[in-house]
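Participant: Please find one structure pasted underneath; my questions will follow.
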Amino acid sequence: MSQNNAVTPRSLLPDEKTMTRRRRRRMMVDTLVSHAMAIGGGAVIMAVLLIFFYLLYEVAPLFKGAESEAAAEFAVPAANAGATLTYVIDEQTEVALRYTDTGHVILFQPNSGKILNESTLPIPAGVTIASFAKGAGAVLAFGLSDGSVIVAKQKFSVTFPDDHRTITPDLAYPLGQQPLRLLQAKQPVRALAAQAGSDGAIIVGWGGGADLDLLRFQKGESFLDDDASLKEERATLSVQLEQPKYLLLDSDMHNLYAADEAGLLAQYDVTDLEHTKLKQQLPLLHQGQKLTALTHLTGDISLLVGDSDGGLAQWFPVRNEHGYPELKKIRAFDALTRSVSVIIAEEGRKGFLAADGAGRMGIYHTTAHRTLLQTEVGQAAVSSAALAPRANAVVLEDAAGIVHFQRIHNEHPEVSWSSLWGKVWYESYPAPDYVWQSSSSGNDFEPKFSLVPLSFGTLKAAVYALLVAVPLAIFGAIYTAYFMAPTLRQTVKPMVEIMGALPSVILGFLAGLWLAPALERNLPGVFLMVVLIPLGTTAFAFFWQRLPERLASKVPNGWLPLLLVPVVFLLGWISFAMSYPIEQWLFGGDVRNWLVNVMHISYDQRNAIVVGFAMGFAVMPTIFSIAEDAVFDVPKHLTYGSLALGATPWQTMIRVVLLTASPGIFSAVMIGMGRAVGETMIVLMATGNTPVVDFSLFQGMRTLAANIAVEMPESAVGGTHFRVLILAALVLFAFTFLFNTIAELVRHRLRQKYSSL
């Protein structure tokens, strides 16, 4: 009997018990592994869901409206001291001041109405307060019945005697305690506006005639000592209004607004009192409506307008076609039920509070165009109100003599769906736009949280990266898997996969410090290379096909790519060598200057071209590896059968191999897309990080991932900026989830369609 047919002795075979024990052990291992795989898969799904719900948990407060709760209601403190001119609350909302038309100042606790102290303003005997105005920086101006005015500035000092916090109000007089003569005639100041700053002050008053009286104090310094003196300047201004009931000055003391009850507004330039001029005059309301409230929004650029129908609107200057600023109605807000009686702007944000003649209060935000709250405070008309510096409390007095102290919870008013995803018309902007700008040094700044530029930049970077990576990776994978010699494939594929192991921070570093300047110096050569290399390789292939058979056969077909390597390098060198002559010949020696001045296209050194090359280089190995495996794993009987039926290798590749491998190739592209969307370091270092919506090759971008990496360390935990960045992370999460879902659905459909091949 031969060795192959030898029978194993029965004594050498495992016995029945051993076989049973091995089967049980194998089944137990299979069961444990299957359970471990199930637990691991479930844990992964659970981790993804936890991340998703954590992001939702952090984002949800952004879209929550304002809330208010009644903290106290009491009778007006010291009601016999006169009618209320205004209220002032300290930052901690522990004490409040009530100013009356008789010059009394009552200090009380807003949460109980308990009177703590009473004092009086330095008003001469026999003189009463006829008008009142507020300015920026807690400036208070009191117009008197004899045509004079007193300017004060409210401060609160905090001390800790016996480790107990004590808040003491302090009233300073930057222009002195003596009343200043404002009107030329001794008549009551019926309308008043005032501003006082470190460099001087300006006061405007109306006594009932056709003119406004202006008084300016400018700070000057002596050449002999360091003492500063105030230089006084007076002027009169003729107004074409029936009765200028409302007067407003901006904090820069450049613009004066005067309006009458019919809603006719006049704007004057008072930068130089000797040359005051009317800048524009326009109606704020429709015919039949009455102007009932007018004030500045924080920053003193916008005007907030309230009318007799309960309407609320925001106006601010916009430059016309001639370059001159003109007031324009930008947005209207949800109306109150009755005539607007009070409008108060928040000190630190672009929001405001309004109340009407029916005791209803509303809280709004201008830029977000959002009505955060409308609620009933009382039954009588609100006659006076004051908002706390942190906008977390408000004191309102109604016509029935009741003071309402309300606590306000309004953490994130700046965010709305329209401010995140729509064009917003910001102050000092010529038109609505998508803007991301989370910080600034300007006093009139407001955060701009549009996610459109970041989302657009994310997609732009991914698209340009895929335009570079996909053709090279897919065609390279097809040739490597199907046409290349096996020995050469065993070298090429690991080398390409090793490229994918390069840290993205290294690629970003090289792209920012070496590639970007090199492309800028050789920009014509870059575009010439894109055209010359495909044409040159095609010409070389045509030339190779025309060679005699005895010469061409010396290089096997699978090794032909090695001949193209020097050709590609030579064509690249020629392209860059011709860059300078082309720039001199066609672009006057400076292609950047030609782009800016002739084509009106701005050029950033770190632009989309740099990102396309750098991130395409990073994404290409992933796409190549997956696509090459998909093509190589096509069953050989399909290709052999196609060739046996007379199809050429290219026909077999296009009509059999590519169709069978299409699910894997599509998955490779979508995985590369997901990698490009989530890339951080390359985009961070290779672009200017400019959040703009521009598809130009020569402009940079800012992506969601790069923005989170840059700004998250600087954001305050729990603040609006922090939560918007979390929202950006949620959007990025949604992008990757969407791309992966689409990839899986398409891959499944393709697999079903071509599974019968």
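The values are calculated or read from the model by the stated rules, or taken from the named source; none is laboratory data. Computed from a predicted structure; not experimentally measured. So basically every Cβ, Gly included, is an ideal-geometry build from the backbone, and we count neighbours across all protein chains shown.
Participant: Go through (1) surrounded by fewer than 17 Cβ atoms within 10 Å (Cβ to Cβ); (2) touching a residue at least 40 places away in the same chain (Cβ under 8 Å) and name the single condition L278 misses.
Facilitator: (2)
Participant: Also: Would you point out the residue of the stretch 481-495, among those that are surrounded by fewer than 18 Cβ atoms within 10 Å (Cβ to Cβ) and of a type in the set (S, T, Y), that is farthest from the chain's Cα centre (by Cα)?
Facilitator: T487
Participant: Considering every residue within the stretch 712-730, establish whether at least one is among the aliphatic types (A, V, I, L, M), over 27 Å from the mean Cα position of the chain (by Cα) and loosely packed, with under 14 Cβ neighbours inside 10 Å.
Facilitator: no
Participant: Can you tell me which condition P566 does not meet? The list is (1) more than 26 Å from A477 (Cα to Cα); (2) assigned to a helix (DSSP H, G or I), and all the others hold.
Facilitator: (1)
Participant: Which ones in the stretch 92-111 are farther than 17 Å from F132 by Cα and touching a Ser or Thr at 6+ places or on another chain (Cβ under 9 Å)? Before the answer, list the steps.
Facilitator: First, pick out the residues of the stretch 92-111 that are farther than 17 Å from F132 by Cα: 92-96, 107-111.
If the condition is that a residue be farther than 17 Å from F132 by Cα and touching a Ser or Thr at 6+ places or on another chain (Cβ under 9 Å), then V95, L107, P110, N111 are the ones that fit.
Participant: Please go through the stretch 640-649 and pick out each residue that is free of Cβ contacts under 8 Å to residues at least 24 places away in the same chain, surrounded by 11 or more Cβ atoms within 10 Å (Cβ to Cβ) and either part of a helix (DSSP H, G or I) or outside the structural domain of I474 (by TED's automatic domain parsing) (or both).
Facilitator: Y640, G641, S642, L643
Participant: Determine if the stretch 232-249 includes at least one residue that is over 22 Å from A133 (Cα atoms) and modelled with pLDDT of 90 or more.
Facilitator: No, the stretch 232-249 contains no residue that is over 22 Å from A133 (Cα atoms) and modelled with pLDDT of 90 or more.
Participant: Moving on to the next point. Return the pairs, sorted by first residue and then second, in which the second residue is of a type in the set (D, E, K, R) and crowded, with 18+ Cβ neighbours inside 10 Å, the first residue lies in the stretch 480-499 and is in the same structural domain as T622 (by TED's automatic domain parsing) and at pLDDT below 90, the beta carbons are less than 7 Å apart, and the residues are 6+ apart or on different chains.
Facilitator: Pairs that qualify, where the first residue is in the same structural domain as T622 (by TED's automatic domain parsing) and at pLDDT below 90 and the partner is of a type in the set (D, E, K, R) and crowded, with 18+ Cβ neighbours inside 10 Å: there are none.
Participant: Say we look at the stretch 352-367 and pick out the residues that are of a type in the set (G, A, S) and at pLDDT 95 or above; which of these is farthest from S418 (Cα to Cα)?
Facilitator: A355
Participant: From S428, S419, S439, S384, which residue is under 30 Å from S339 (Cβ atoms) and not in a helix (DSSP H, G or I)? Steps first, please.
Facilitator: Values: S428 fails: under 30 Å from S339 (Cβ atoms); S419 fails: not in a helix (DSSP H, G or I); S439 fails: under 30 Å from S339 (Cβ atoms).
Checking each option against the conditions leaves just S384.
Participant: Could you check the stretch 108-128 and list, in sequence order, the residues that are over 23 Å from A393 (Cα atoms) and among the polar types (S, T, N, Q)?
Facilitator: Passing the criteria: S119, T120, T128.
Participant: When the residues of the stretch 284-308 are narrowed to those that are part of a strand (DSSP E or B) and among the aliphatic types (A, V, I, L, M), which ends up farthest from the chain's Cα centre (by Cα)?
Facilitator: Taking the candidates together, the pick is L291.
Participant: Same structure, new question: Take the residues in the stretch 533-558 that are within 20 Å of A485 (Cβ to Cβ) and among the aromatic types (F, W, Y), then tell me which one is surrounded by the most Cβ atoms within 10 Å (Cβ to Cβ).
Facilitator: Going through the qualifying residues, I end up with F540.
Participant: Can you find, within the stretch 731-741, the residue that is surrounded by the fewest Cβ atoms within 10 Å (Cβ to Cβ) among those that are under 13 Å from F52 (Cβ atoms) and β-branched (V, I, T)?
Facilitator: T736
Participant: Out of curiosity, is A262 in contact with a Phe, Trp or Tyr (Cβ under 6 Å, 6 or more places away or on another chain) and assigned by TED's automatic domain parsing to the domain that holds A96?
Facilitator: Against the criterion (in contact with a Phe, Trp or Tyr (Cβ under 6 Å, 6 or more places away or on another chain) and assigned by TED's automatic domain parsing to the domain that holds A96), A262 does not qualify.
Participant: Inside the stretch 392-416, can you point out the residues that are of a type in the set (S, T, N, Q), in contact with an Asp or Glu (Cβ under 9 Å, 6 or more places away or on another chain) and in a loop (DSSP other than H, G, I, E, B)?
Facilitator: The one that is of a type in the set (S, T, N, Q), in contact with an Asp or Glu (Cβ under 9 Å, 6 or more places away or on another chain) and in a loop (DSSP other than H, G, I, E, B): N410.
Participant: Hey, another quick one. Tell me which residues, restricted to the stretch 240-269, are surrounded by 22 or more Cβ atoms within 10 Å (Cβ to Cβ), among the hydrophobic types (A, V, I, L, M, F, W, C) and outside any strand (DSSP E or B).
Facilitator: Within the stretch 240-269, just M253 meets the criteria.
Participant: Residues that are without any contact (Cβ under 8 Å) to a residue 60 or more places away in the chain and closer than 30 Å to G672 by Cα: does the stretch 583-592 have at least one?
Facilitator: No, every residue in the stretch 583-592 fails to be without any contact (Cβ under 8 Å) to a residue 60 or more places away in the chain and closer than 30 Å to G672 by Cα.
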